[in-house]
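Engineer: Here it is, the structure in full.
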Amino acid sequence: MHQFEGTLTSKLPQVGTTIFSVMAALANQHQAINLSQGFPDFDIDPALSELVYKYMRKGANQYAPMPGIPELREAIAAKMELMYNANYDSDSEVTITAGATQAIFTAISALIKEGDEVVIFTPAYDCYNPAIEIAGGKPVYVQLKTPDYSIDWEEVKRVVNRKTRMIVINTPHNPTGTVLSKTDLEMLESITKGTDILILSDEVYEHIIFEGTQHQSMCRSEELINRSIIVGSFGKTFHVTGWKMGYCTAPANIMTEFRKVHQFNVFSCNRPAQHAIADYIKDPDNYNKLGEFYQTKRGLFVEAVLGSRFKLRLCRGTYFQVIDYSEITDEKDSDFAVRLVKEHGIAAIPLSPFYHSASDDKALRFCFAKSQETIQRAGEILQKI
């Protein structure tokens, strides 16, 4: 093993291996059912695969244009208009990214400078905070209110000040499965109106929303669309997380700054996949039916768990279900999650790593983007605990 003998100063001294990697490795080691990481274990639509092969055979295998191929950007702009009545210029306001995490990192790198404050709602997906710290910004944490994980907007008003440069929104929300309401958007409008505060809106689960609930994208608001960088994910939408294909939309002057960074940390993204997705999303059924598809899977998971000692906090979006285990044990969520793998052969994600301060909701996050067989096997295990 080699080692550098000089001085190293870490930009992220508190960051180690992510909880996702830890639990996935543990699941593999113990051959457990892995409901920790958010990836489907079923096949993608063969039509989408065939489209990729088609464009590979046609020779679309060299660099794509830096912002993405025009056909895909045009298709995304058309989708945003169809779904949200939002008008984006595909040339200057849409960029294709190597997944949503890259889009989020690039947006923060481009727009946050030393001393800027960025509001994050916890429990928060784990890529926001490191990106802010690397950019020299200061994360400001607002904890969601349990048990429904709602935003206390009065607390948001108290933390917003002249140093606040950005508010990070995530709806539908990972890890809790909650969704923002129209009232939430109105509160956000009120707090940011007349300011220079930007909104970074992580909307990767926009199509995975239940009970006919309307997704409250930032671009629905005439006030918020002009200050928002909206991030989407084809990986989440089309069960192709390994493709690492995403996109973002933003006003042209914001997107100009985004692309300045994008061209140097990625430059361009997988070309044949771009062509395939451009064709695939021309049919709205390929994304509009996703909510119904995953609501069925949520129903299977709920049915599999009902009658056990676990208590469900029914999710309203995403493919994650939070389960309360407080009637089973007083263990820390991280300890209980490890014991579930080692003793029972099932892996979940504890919620505590998504918080900034010490917090333990006695709850775990399970991914139900799985086959019926996997869900049923998981339920059989959970029923016995």
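Engineer: Under 8 Å between Cβ atoms, which residue pairs at least 6 apart in sequence (or on different chains) link something in the stretch 253-279 that is on the phi > 0 side of the Ramachandran plot with a partner that is surrounded by fewer than 19 Cβ atoms within 10 Å (Cβ to Cβ) and of a type in the set (Phe, Trp, Tyr)?
Structural biologist: Sorted first by the residue in the stretch 253-279, then by its partner, the pairs are PHE267/TYR63.
Conditions (1) surrounded by fewer than 18 Cβ atoms within 10 Å (Cβ to Cβ); (2) touching a residue at least 24 places away in the same chain (Cβ under 8 Å); (3) within 15 Å of the chain's Cα centre (by Cα), marked per residue:
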site	(1), (2), (3)
ILE104	no, yes, yes
GLU114	yes, no, no
GLU117	no, yes, no
THR122	no, yes, yes
CYS127	yes, yes, yes
GLY136	yes, yes, no
VAL140	no, yes, no
TYR149	no, yes, no
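Engineer: Run GLY194 past the list (1) within 22 Å of the chain's Cα centre (by Cα); (2) over 25 Å from LYS236 (Cβ atoms); (3) in a loop (DSSP other than H, G, I, E, B) and report the number of the one that doesn't hold.
Structural biologist: Here GLY194 clears every test but (1).
Engineer: Let me ask something else. Out of all the residues in the stretch 1-38, which are farther than 20 Å from ASN174 by Cβ and in contact with a Pro (Cβ under 7 Å, 6 or more places away or on another chain)?
Structural biologist: LEU12
Engineer: Between a residue in the stretch 46-70 that is within 30 Å of LYS260 (Cα to Cα) and at pLDDT 95 or above and any residue that is basic (Lys, Arg) and surrounded by fewer than 19 Cβ atoms within 10 Å (Cβ to Cβ), which pairs come within a Cβ distance under 8 Å, given they are 6 or more apart or on different chains?
Structural biologist: That search, which allows pairs on different chains as well, returns MET66/ARG259; PRO67/ARG259.
Engineer: In the stretch 298-323, how many are over 22 Å from the mean Cα position of the chain (by Cα) and touching a residue at least 60 places away in the same chain (Cβ under 8 Å)?
Structural biologist: Selection size over the stretch 298-323: 8.
Engineer: If you don't mind, there's one more thing I want to ask. Determine whether the stretch 265-275 contains at least one residue that is outside the structural domain of GLN102 (by TED's automatic domain parsing) and exposed (fewer than 13 other Cβ atoms within 10 Å of the Cβ).
Structural biologist: No.
Engineer: Could you please find all residues in the stretch 295-308 being at pLDDT 95 or above, under 27 Å from GLU327 (Cβ atoms) and out of contact with any helix residue (DSSP H, G or I) (no Cβ under 8 Å at 6 or more places or on another chain)?
Structural biologist: Across the stretch 295-308, the qualifying residues are GLN295, ARG298, GLY299, VAL302.
Engineer: Identify the single condition in (1) free of Cβ contacts under 8 Å to residues at least 60 places away in the same chain; (2) surrounded by 19 or more Cβ atoms within 10 Å (Cβ to Cβ); (3) at positive phi that SER90 does not satisfy, given that it satisfies every other one.
Structural biologist: (3)
Engineer: Could I ask something else about it? How many residues are of a type in the set (S, T, N, Q) and in contact with a Phe, Trp or Tyr (Cβ under 9 Å, 6 or more places away or on another chain) if we restrict to the stretch 211-258? First the steps, then the outcome.
Structural biologist: Step one: filter the stretch 211-258 for residues of a type in the set (S, T, N, Q), giving 213-214, 216-217, 221, 226, 228, 233, 237, 241, 249, 253, 256.
Now drop any that are not in contact with a Phe, Trp or Tyr (Cβ under 9 Å, 6 or more places away or on another chain), which leaves 217, 233, 237, 241, 249.
Total satisfying the criteria: 5.
Engineer: Further, regarding this structure: Restricting to the stretch 353-385, name every residue that is free of Cβ contacts under 8 Å to residues at least 40 places away in the same chain and under 20 Å from PHE20 (Cβ atoms).
Structural biologist: Once the filter is applied, which keeps residues that are free of Cβ contacts under 8 Å to residues at least 40 places away in the same chain and under 20 Å from PHE20 (Cβ atoms), the stretch 353-385 yields only ASP360.
Engineer: For the stretch 62-84, does any single residue satisfy the condition of being closer than 19 Å to ALA273 by Cβ and in contact with a Pro (Cβ under 8 Å, 6 or more places away or on another chain)?
Structural biologist: yes
Engineer: Anything in the stretch 94-132 that is touching a Lys or Arg at 6+ places or on another chain (Cβ under 7 Å) and among the charged types (D, E, K, R)? List them, or say none.
Structural biologist: Selection gives ASP116, GLU117.
Engineer: All but one of (1) at pLDDT 95 or above; (2) over 25 Å from THR249 (Cβ atoms) hold for PRO147, so report the exception by its number.
Structural biologist: Failing condition for PRO147: (1).
Engineer: Pick from the stretch 210-264 the residues that are hydroxyl-bearing (Ser, Thr, Tyr) and closer than 17 Å to ALA369 by Cβ: which of them is surrounded by the fewest Cβ atoms within 10 Å (Cβ to Cβ)?
Structural biologist: To start, the set of residues in the stretch 210-264 that are hydroxyl-bearing (Ser, Thr, Tyr) comprises 213, 217, 221, 228, 233, 237, 241, 247, 249, 256.
Filter once more, keeping what is closer than 17 Å to ALA369 by Cβ: 233, 237, 241.
On the way: SER233: 25, THR237: 21, THR241: 17.
Out of the qualifying residues, it is THR241.
Engineer: When only residues in the stretch 281-297 that are under 13 Å from THR237 (Cα atoms) and free of Cβ contacts under 8 Å to residues at least 24 places away in the same chain count, which is farthest from the chain's Cα centre (by Cα)? Show your work before the answer.
Structural biologist: Our first condition is that a residue be under 13 Å from THR237 (Cα atoms); within the stretch 281-297, this holds for 281, 284-294.
Those left that are additionally free of Cβ contacts under 8 Å to residues at least 24 places away in the same chain: 285, 289, 292-293.
On the way: ASP285: 22, LYS289: 19, GLU292: 19, PHE293: 19 Å.
That would be ASP285.
Engineer: Just a yes or no: is a residue in the stretch 27-42 more than 16 Å from PHE366 (Cβ to Cβ) and within 22 Å of the chain's Cα centre (by Cα)?
Structural biologist: Yes, there is a match, as at least one residue in the stretch 27-42 is more than 16 Å from PHE366 (Cβ to Cβ) and within 22 Å of the chain's Cα centre (by Cα).
Engineer: List the strands (runs of 3 or more DSSP E) that sit entirely inside the stretch 60-173 and contain at least 2 residues that are assigned by TED's automatic domain parsing to the domain that holds THR249 and under 18 Å from GLY246 (Cα atoms).
Structural biologist: The qualifying strands (runs of 3 or more DSSP E) are 94-97, 164-170.
Engineer: Does the stretch 28-43 contain any residue that is of a type in the set (Asp, Glu) and either in a helix (DSSP H, G or I) or buried (at least 19 other Cβ atoms within 10 Å of the Cβ) (or both)? Walk me through how you get there before you give the answer.
Structural biologist: Of the residues in the stretch 28-43, the ones of a type in the set (Asp, Glu) are 41, 43.
Checking the rest, the ones that are also either in a helix (DSSP H, G or I) or buried (at least 19 other Cβ atoms within 10 Å of the Cβ) (or both) come to none.
Looking for residues that are of a type in the set (Asp, Glu) and either in a helix (DSSP H, G or I) or buried (at least 19 other Cβ atoms within 10 Å of the Cβ) (or both), one finds none in the stretch 28-43, hence no.
The values are calculated or read from the model by the stated rules, or taken from the named source; none is laboratory data. Note that the structure is a prediction, hence the values are computed from the model and not measured. Because the Cβ atoms are built from the backbone with ideal geometry, glycine has one as well, and the counts that use them run over all protein chains shown.
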